Each structure stands twice: as C-alpha cells, then as structure tokens.
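Asker: Quick one: structure below, then a few questions.
The values are calculated or read from the model by the stated rules, or taken from the named source; none is laboratory data. Fair warning: this is a prediction, and the values are worked out from it, not measured in the lab. Cβ: placed from backbone, ideal geometry, glycine included. Neighbour counts: every protein chain shown. Remember, those area values only see protein heavy atoms, side chains included, never the ligands or the DNA or RNA. Shrake-Rupley method; radii C 1.70, N 1.55, O 1.52, S 1.80 Å.
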Amino acid sequence: MKIAGRTGVEAGIGFTGGVIGGLLGGGSGVFYVPALERATALSRHALHGTAGAANIAVTGVGAVVFAAAGGSVDLRAGAGMALGATVGGLFGARLIVAIPQRPLRWLFVAILVATGVKLILDAAGLGLSSGSALVSDEVIANLVYAVPVSLTFGAVIGAWAAGMGLGGGLLAVPVLMLLFGADLPTAEGTSLLMFFPNAVVGTYGHMRQGTVDRRLATILNLGAFPGAAVGVLCALAVDADVLATIFAVFALVIALREIRRLIVDRRT
C-alpha cells in the first residue's frame, strides 16, 4: 500500500507538471524540482536530471496536441532554436555543473520579471501590443538576423534546460515574443516543439552520468502524458489576455521565490 501510495503521488506530480507545461509552453520543471525535493530523497543533481526526463512527455505530447488542435507554430524562429537547443542539450548536463550557479539564477530572475511585467502591462492595455518585438518585422525576416539569433538563444536556453531540468519554456517563450514577434499562444506551441529533442538528448546525458532516477522518470512521464494534453487544450481555449496574465503571475511568483532563495543562500 505504501508503494502504491507513493506511486500515486509521483504520478500526480507528473500530471500537474504536465498541465503546467502544456498551459505555459514549458516551465514544468520549475514545479517538478521543488515538488520532487519534498516527495523524494534524491540528490540535487538527480532532482534536476529526473525533472528534465519528465519533460519528454510534456513537450512531445504538448506539441502534438497543440498542432492537432489547430495551434500555430513559428517555424522561422522555431527551427533555429530547436537545432540550437538540441546542440545545447548535448552538453548541458555537464556544462551546468561547471558554470557558477548564482549569475545564472539572477539572469533567470531578471528574464522572469521582465516577462511578467510586460505581459501584465499588455493585458491591461498599458504596454506594447501582444506579440510586439523589440526589432522591426524587416529585421526579423532577414536571415542574417534570424539564423544566428535563433541558434544562439536556442543553444544557451537548451543547455540551461537540459542541465537544470527546467524545460526552458519560461525563457524560450519571452525570447520568441520579444525577438521574433510571436504572439503568446504561438510562442508556447513553438517552445513545446523545440524542447522535445532537447529533453531527449538532455535525459540521455543525465542517464550517462547517473543523475536521473529511471523509475521515477517513467512514472512522471506517464502522469504528464494526459496532463500536457489538458494543459494545451486549456491554453488554446482561454482568452489571450487571460493566458498572458496566468503566465505573468506564474513567472513573477517563481521569480520572487528564486530571489528569496538567493538571499537565504547568501546569508547561510
């Protein structure tokens, strides 16, 4: 009974993370890591590796359901970011342990705050229009801009996602909106598509270095399978401003939690 109960809790964590990932175009790992930290006795490295493995179902199922339900994908930017993310995923598991974590975490916080504030202003009609980019459409259409920018950001975000097991959606979605002019639903669908190969190669890297719990990862993926489908269907059904507000609140809550943890870590 205890084993069955534990499995049920783990499957529930997988389902909830799947809903979050499908609804927000990624970011399920931001839920998985703290949830698994409370529910298991895994080491810090194994927490991130196992969370990353669970993103296989979230991104794969999410992308398929998103396409089948009529959601649009920005292949112009998504193809380059997917390629870059896959390359980044090949070495992300090893690279992430060699780079100082504090600067990366502060960068993560800065992007979350900027994204959350922008989306709230847009939803309130006080900011730029939804999907507006920091550069003009003419620049975005130029391959001299699109190719290196998409590959570079894809590789950096892919390495982060594969190493930390955070899915990367909370970074990829704002990049697609701000640098390529994608609206929020399109950015989320594109993010799911680009991170499926990244999740696969990142999981392979973690498995090689023994930083993933295979049994737990399997259960999480089984739970995430229906969860991701539910999340995507909800994302496509709700109003764009409501979706933007949900994403913004989620991003700001995660940012505040990270700031608190950074301050506590510094004091200790």
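Asker: Kindly indicate whether any position in region 196-206 is at pLDDT 85 or above and not in a helix (DSSP H, G or I).
Answerer: Within region 196-206, none of the residues are at pLDDT 85 or above and not in a helix (DSSP H, G or I).
Asker: Counting just the residues of region 36-49 that are outside any loop (DSSP other than H, G, I, E, B) and at pLDDT below 85, which one comes out farthest from Gly169 (Cα to Cα)?
Answerer: So, considering only residues that are outside any loop (DSSP other than H, G, I, E, B) and at pLDDT below 85, the one farthest from Gly169 (Cα to Cα) is Arg38.
Asker: Looking at Val109 and the list (1) in contact with a Gly (Cβ under 9 Å, 6 or more places away or on another chain); (2) within 30 Å of Val147 (Cβ to Cβ); (3) at pLDDT below 85; (4) part of a helix (DSSP H, G or I), which single condition is not satisfied?
Answerer: So Val109 meets the others, but not (1).
Asker: Continuing with this model, one more query. Starting from region 30-54, take each residue that is free of Cβ contacts under 8 Å to residues at least 24 places away in the same chain and more than 22 Å from Tyr204 (Cβ to Cβ) and list its partners that are open to solvent by less than 10 Å² (accessible area, probe 1.4 Å) and assigned to a helix (DSSP H, G or I), counting only C-beta distances under 6 angstrom and pairs at least six apart or across chains.
Answerer: Here the result reads Phe31/Gly17; Glu37/Leu47, each pair linking region 30-54 to a residue that is open to solvent by less than 10 Å² (accessible area, probe 1.4 Å) and assigned to a helix (DSSP H, G or I).
Asker: Quickly run through region 166-186 and pick out the residues that are part of a loop (DSSP other than H, G, I, E, B), at negative phi and among the small types (Gly, Ala, Ser).
Answerer: Ala182, the sole residue that qualifies.
Asker: Among all residue pairs at least 6 apart or on different chains, which show Cβ distances below 7 Å where the first residue, located in region 216-227, is under 10 Å from Glu10 (Cα atoms) and the second is in a helix (DSSP H, G or I) and open to solvent by 60 Å² or more (accessible area, probe 1.4 Å)?
Answerer: Within 7 Å, the pairs are Gly223/Phe15.
Asker: Kindly provide the set of residues from region 241-268 that are among the aliphatic types (A, V, I, L, M), more than 19 Å from the chain's Cα centre (by Cα) and closer than 23 Å to Val65 by Cα, ordered by number.
Answerer: Within region 241-268, just Val242 meets the criteria.
Asker: Something else about it: Which condition from (1) in a helix (DSSP H, G or I); (2) more than 15 Å from the chain's Cα centre (by Cα); (3) farther than 30 Å from Glu138 by Cα is the one that Gly210 breaks?
Answerer: Among (1) in a helix (DSSP H, G or I); (2) more than 15 Å from the chain's Cα centre (by Cα); (3) farther than 30 Å from Glu138 by Cα, Gly210 violates only (1).
Asker: Among Leu119, Leu151, which is the only one that is of a type in the set (A, V, I, L, M), modelled with pLDDT under 75 and assigned to a helix (DSSP H, G or I)?
Answerer: On inspection, the qualifying residue turns out to be Leu119.
Asker: Which residues, taken from region 221-258, are at pLDDT below 90, touching a Phe, Trp or Tyr at 6+ places or on another chain (Cβ under 9 Å) and either open to solvent by 20 Å² or more (accessible area, probe 1.4 Å) or under 23 Å from Trp106 (Cα atoms) (or both)?
Answerer: Passing the criteria: Leu236, Ile254, Ala255, Glu258.
Asker: Do any residues in region 245-264 that are hydroxyl-bearing (Ser, Thr, Tyr) have Cβ atoms under 8 Å from those of residues that are assigned to a helix (DSSP H, G or I), where the two are at least six apart or on different chains, and which pairs are they?
Answerer: Sorted first by the residue in region 245-264, then by its partner, the pairs are Thr245/Leu119; Thr245/Ile120; Thr245/Ala123.
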